[in-house]
Amino acid sequence: MKRWAAPGRVNLIGEHTDYNDGFVLPLALAQRTVVTVEPAERSVVRSSREDDPVTFAAATVAPGDVTGWAAYVAGVFWAFREAGHAVPDLDLHVDGDVPVGAGLSSSASLECAVAVALAELGGLDLGRTELARLARRAENEFVGAPTGGMDQMAAMHGAAGRLVFLDTRTDAVELVPFPLAEHGLALLVVDTRAPHQLVDGQYGQRRADCAEAAEQLGVPALRDATLDAVERLTDERLRRRARHVVSEDARVLEVVDRLTAGADPRGIGPLLSASHASMRDDFAITVPHVDVAQEVMERAGAHGARMTGGGFGGCVIGLVEAADVDRVGGAVAAAYAERGWTAPVAFTAVASGGAGPA
């Protein structure tokens, strides 16, 4: 019996830029999905969060054979097999503490934990980027979620005290210092408990809008567009969608420049808030739960705050003084109580290592 684990992730900044060949800046969380593995005659997947096990045949499983949460496991087996790697049948038990449905990439965490397990068990000499690509293929082609590659790359390349700066066009990775504790700061994450679902058409529609905008602009992807060109788009919806992506790429690069130069991280706060405004006003992916949390965090003293993740629910992050974590989190909880909403769950995000043996 062996165990492997992979982290969830929080994206500091760079939302919906990944499938536009742009830039993202996530960090791997301390919260992880753990997969315990034993040999078996037929693959069985169990989860501490689910009542019933799911079975499949590693040698023949194909898209559509397994649905629901177990598809993220079966999909990795399929992706490995499609890439020409032998995959044995295994008995897998899934556990961990990455919140599900919060926009913290619990699915990619599961995929990457399975991927590192299959690679090690098969004696495969696969780099972390290749493993991330296989995990992404499982999500895109087996599960059917049209996500970009940020989540899997963050789970594979995460490092303690570092952000994962990813150029999604080239898959080039640079680890960027994120010395919050040295500056008396913390990254507060508030799980709004609002439903978060990416396979419901909204994400796919945003992706289609971006592709259409790039086509109208005559560029390979929105990464190549300028704001001046975007403002000349005649379709207001496409103009807003493209403006978010192009301006968000610029914000990511500015955050990287500031942190790489050793600047006080407090200075990136306004960029986080500007990112939220762009997601709210131009990309239209926020909901009242996240907007309230973001506004309250800023009023309570956060240097900057933004929704993180694909949108329509999920989490809000705030750059706060370490001494103010409880106060800021408490302010959001009070605002939710006033509205009769389900209480949010808050924790501090600590940049941690990537997938590997548990």
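A few comments on the model shown:
- Here is the figure for segment 135-166: residues that are in a helix (DSSP H, G or I) and of a type in the set (A, V, I, L, M, F, W, C) total 9.
- Verdict on Arg240 being open to solvent by 60 Å² or more (accessible area, probe 1.4 Å) and within 17 Å of Asp281 (Cβ to Cβ): yes
- Residue within segment 133-149 that is of a type in the set (Val, Ile, Thr) and within 13 Å of the chain's Cα centre (by Cα) present: yes
- Whichever residue in segment 11-49 is surrounded by fewer than 23 Cβ atoms within 10 Å (Cβ to Cβ) and β-branched (Val, Ile, Thr) and, among such residues, is nearest to Glu248 (Cα to Cα): Val34
- Count of residues meeting criterion [in contact (Cβ under 8 Å) with a residue 12 or more places away in the chain and open to solvent by 10 Å² or more (accessible area, probe 1.4 Å)] in segment 265-277: 5
- All positions within segment 18-57 that are touching a residue at least 60 places away in the same chain (Cβ under 8 Å) and aromatic (Phe, Trp, Tyr): Tyr19, Phe23
- Residue match in segment 96-107 (condition: part of a helix (DSSP H, G or I) and buried (at least 21 other Cβ atoms within 10 Å of the Cβ)): yes
- Within segment 108-131, the set of residues being part of a loop (DSSP other than H, G, I, E, B) and closer than 18 Å to Ala28 by Cβ comprises Gly127 only.
- The residues of segment 112-147 that are under 24 Å from Ala208 (Cβ atoms) and of a type outside the set (A, V, I, L, M), listed by number, are Arg133, Arg136, Arg137, Glu139, Asn140, Glu141, Phe142, Gly144, Pro146, Thr147.
- Counted residues, segment 50-72 - those being in a strand (DSSP E or B) and crowded, with 18+ Cβ neighbours inside 10 Å: 2
The values are calculated or read from the model by the stated rules, or taken from the named source; none is laboratory data. For clarity, every value in this text was computed on a predicted model and none was experimentally measured. Neighbour counts are summed over all protein chains in view; Cβ atoms, including those assigned to glycine, are modelled from backbone coordinates with ideal geometry. Remember, those area values only see protein heavy atoms, side chains included, never the ligands or the DNA or RNA. Shrake-Rupley method; radii C 1.70, N 1.55, O 1.52, S 1.80 Å.
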